[in-house]
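Asker: So that we are looking at the same thing, I have put the structure below in structure tokens.
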Amino acid sequence: LGFGSGLGRVAPGTVGTLWAWLAFLVLQLWLTPSQIGWLIVASIPVGWWACTVTARHLRVADPGHIVWDEVVAMWIVLWLTMPMGFWGQLTAFALFRFFDAAKPQPVKWADRLFKGFGPHGGWGIMFDDLVAAFCTLMVMALWRHFVG
């Protein structure tokens, strides 16, 4: 539940993503970029397991209160785009939230690919957010290439 950030009644995915942003900024104070990379690598299988177990206990295939998928995906976006100022970070946040919430293709495809309970469903909770992170990174890379 993203250290409690997913427990809110309003927009838990957005709150979880904001928590991820803040947590990333704090992690940068103590960890090197490569250490953050290893943390992200470890967070994916741990998140897969945690999403699987939590969904089963809540008896909902993809509960909105599970936000670890947003946390890991936002960490990936920030890890691959930093350093950048506040406006760049805000743009990354807004783009990721757009792709995660609106689910345009290919995020919609990824969201429908793995459904249900068990490891298959736990991976599905994580996978569409990883695709949303990829889409965010693509837009940011294209923006940097063509605009500045």
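Asker: Report, in deg cm²/dmol and to the nearest 500, the calculated mean residue ellipticity at 222 nm for the chain, where each DSSP H run with n ≥ 4 adds -39500 (n - 2.57) and the sum is divided by the residue count. Walk me through the numbers before you get to the answer.
Answerer: Values: 6 runs with 111 residues, N = 148.
Taken over the chain, the calculation gives -25500 deg cm²/dmol.
Asker: Right, here's the next one. Could you grab the Rg to Rh ratio for the range 24-92? Cα atoms only, Kirkwood for Rh.
Answerer: On the way: Rg = 14.0 Å, Rh = 13.3 Å.
For the range 24-92, the value is 1.05.
Asker: Something else: Where nothing but the Cβ of Lys and Arg (+1) and of Asp and Glu (-1) is charged, how large is the charge dipole of the chain around its Cα centre, in debye to the nearest 20?
Answerer: 200 debye
Asker: Under the definition of Cα pairs under 8 Å and six or more residues apart, what whole-number percent is the relative contact order of the chain?
Answerer: Details: 178 pairs, mean separation 43.5, N = 148.
Value for the chain: 29 percent.
Asker: Looking at GLY121, GLY6, SER34, which one has the Cα that reaches farthest to the positive end of the dipole of the chain (charges on Cβ: Lys, Arg +1; Asp, Glu -1)?
Answerer: The residue sitting farthest along the positive end of the dipole is GLY121.
Asker: To the nearest Å, what is the center-to-center distance of the range 75-121 and the range 18-38, using C-alpha atoms only?
Answerer: About 17 Å separates the Cα centre of the range 75-121 from the one of the range 18-38.
Asker: Over the range 1-61, what percent of the accessible surface lies on carbon and sulfur atoms, probe 1.4 Å? Numbers along the way, then the final one.
Answerer: On the way: 2820 of 3840 Å².
Taking all protein chains in place, the range 1-61 shows 73 percent carbon and sulfur surface.
Asker: Also, quick follow-up: So how much accessible area does SER34 have, in Å² to the nearest 10, using a 1.4 Å probe?
Answerer: Estimated to the nearest 10 Å², SER34 gives 70 Å².
Asker: Strictly greater than 22 Å: what percent of every Cα pair in the range 73-148 meets that? Could the numbers behind the result be given before it?
Answerer: Values: 754 of 2850 pairs.
Within the range 73-148, distances greater than 22 Å cover 26 percent of Cα pairs.
Asker: Additional query: Which whole-percent values make up P(r) of the chain when all C-alpha to C-alpha distances are grouped in 10 Å steps starting at zero?
Answerer: The percentages, shortest bin first, are 12, 43, 35, 9, 1.
Asker: Let me ask something else about it. Enter the angle in degrees (range 0 to 90, nearest 10) between the Cα long axis of helix 33-58 and the first principal axis of the Cα atoms of the chain, meaning the one along which they spread out most.
Answerer: 20 degrees
Asker: Given N residues in the range 1-61, what is Rg(Cα) / (2.2 N^0.38 Å)?
Answerer: Values: Rg = 13.3 Å, N = 61, 2.2 N^0.38 = 10.5 Å.
Normalised Cα radius of gyration, the range 1-61: 1.27.
Asker: So what is the accessible area of the chain per residue, in Å², with the probe set to 1.4 Å? Could the numbers behind the result be given before it?
Answerer: Numbers: 8130 Å² over 148 residues.
For the chain, the solvent-accessible area averages 55 Å² per residue.
The values are calculated or read from the model by the stated rules, or taken from the named source; none is laboratory data. It should be emphasised that the depicted structure is a prediction, and the values quoted were computed from it without experimental measurement. Heads up, the Cβs are rebuilt from the backbone with ideal geometry, glycines too, and the neighbour counts pull from every protein chain shown. For accessibility, only protein heavy atoms count, side chains too; no ligands or nucleic acids. Shrake-Rupley method; radii C 1.70, N 1.55, O 1.52, S 1.80 Å.
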